[in-house]
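I have placed the structure first, in the form of structure tokens, so that the comments after it can refer back to it.
The values are calculated or read from the model by the stated rules, or taken from the named source; none is laboratory data. Just so it is clear, the model here is predicted, and its values are computed rather than measured. Quick note on the areas: whole protein, heavy atoms, side chains included, nothing else; ligands and nucleic acids left out. Shrake-Rupley method; radii C 1.70, N 1.55, O 1.52, S 1.80 Å.
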Amino acid sequence: VQFRFQEDSAYVADRVLTKSELNRFLVKYDGNPGYAPYAMPYSSPSDPVVSLRYTLARRYARDGDLSKAISLYPTKFKGPYHHRELRAQEGTLSALIERYTTQLKTGRNHSESRETRATALMESASIARDYGLELFGTEYTPDNFMYGGSFPIALTPRAESSMATVNERWRVSQHAPSIERRYHYRWHAADLMWEAATLLPDNDPLTARALWQGGKWIAISDPSGADRFYKA
């Protein structure tokens, strides 16, 4: 396994290749034990193809293509911090993303009551916040899953170096998460809490909880973004 080229492999898999290109690469090399370009030291899959498949799963999930993401998550998993294993009641990562998907669909099903929808959205928000790194985190910058969410890596020098082609720079910009901030899924979770709050009446304890929790999740990193929650 070529740990020497770990950052390069993560950069190419997460930001340069399209999802379909990465998928074709995985199909071509799956099951070939002699081909080991990369494996993530902070996660349990030791097979580099499994590691790259997990990178692809999170890319699909970030783009909202949850049906494609579910089957690509590793069945055995240890969090990027080795002490952070999934709680027994959470099951597998695939089970988590399925529950997230189910709750999200319920939350946006107009045939359900507004309270049912709001409660479901709050549940999906909590999953996105608690397990965002494992389910949605970028392998490379800004989340740096490859380093357990630590050690920020500078993307700009790679994408803007004299060796980077125009096409490479365009690809990097196109494959960024919708919110290109470290731990971007926290803002996604906060937005889901805001969406839940809009379904609930004023002066309702559940409304207050959705607004308080959504604002709290981003308050330290984004005080101005959290301000709308406090004012609401």
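LEU135 meets the conditions (1) of a type outside the set (Phe, Trp, Tyr); (2) at pLDDT 95 or above; (3) not in a loop (DSSP other than H, G, I, E, B) in every case but one. The failed one is (2). Please find, within region 100-132, the residue that is most open to solvent (accessible area, probe 1.4 Å) out of those that are closer than 15 Å to ALA210 by Cα and among the small types (Gly, Ala, Ser). By that ranking, first place goes to SER126.
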